[in-house]
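Report on the structure given below.
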Amino acid sequence: MASCTCCADLLAPGVGRRDFVRLMLGVSAGAMVAASGLNRALAADGTVYQAMLLSCIDPRMVEPVHRYMLGRGLKGEYSQFTIAGAAIGVVAPAFADWRPAFWENLAASIQLHHIPKIIAIDHRDCGAAKIAYGAEAVKDRSAETATHRHALAEFRREVRRRHPALEIETGLMDLDGRIEMFD
């Protein structure tokens, strides 16, 4: 029936047009991903996920962080891990028992969603920062910035050590949603 050996099984009896079209759509989607420079595997559901977001449990930050991610065009394209203090919850000695849960979830997101990036967003007026480092560490805006900058730098070092291929973005968000990104 078919002279093309690479497609002979697809054109054999029992493989309908719908199956063939589904396969071709999958091949086309894969080609578009590769051509776009993403060059990573699709998740099992066919979605190309862009990142994992690490954010704080503070209810005041749910909407500002969500708006930030929407503004970046990432709606439905990221996984999320929420823990008190965000990056502080992952690196501060006071919260050492929490670390395995984060690292295991990040590994799962890499495996399941093939994410290329982690985005960690700490926030100002964070109670976990005060618990972890003391009131002096967040006594004013300058001290607070330095505390978060240090924690986010430590977070970046740990991610690089464990997952060197991941891109890392870190930032400190004001309660009104303005964000300062750190390298």
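Each reported figure results from applying straightforward, stated rules to the coordinates on display, with no laboratory input. These figures come from a predicted structure and were not determined experimentally. Cβ sites come from the backbone with ideal geometry, for glycine too, and all protein chains shown count toward neighbours.
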(request) Just the Kirkwood number for the stretch 70-132, please: inverse of mean 1/r across all distinct Cα pairs, in Å, one decimal. (result) 12.9 Å
(request) Given the peptides 106-115, 151-160, arrange them by the average over their residues of other C-beta atoms within 10 Å, most packed first. (result) 151-160, 106-115
(request) Report the paramagnetic label zone for E136: residues of the stretch 86-111 whose backbone N is under 19 Å from a point 7 Å from Cα along the Cα-to-Cβ axis. (result) 92-94
(request) Find which of S142, I83, N105 sits farthest along the positive direction of the dipole of the stretch 32-183, computed with +1 on the beta-carbon of Lys and Arg, -1 on that of Asp and Glu, about the Cα centre. (result) N105
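Quickly rank 131-143, 85-97 as a protection proxy: mean count of other C-beta atoms within 10 Å, highest first.
85-97, 131-143
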(request) Normalise the Debye intensity by I(0) for the stretch 51-182, one equal point scatterer per Cα, no solvent, then take log10 at q = 0.21 Å⁻¹ and round to two decimals. (result) -1.30
(request) Note down the net charge around E154, summing +1 for each Lys or Arg and -1 for each Asp or Glu among other residues with Cβ under 14 Å from its Cβ. (result) +4
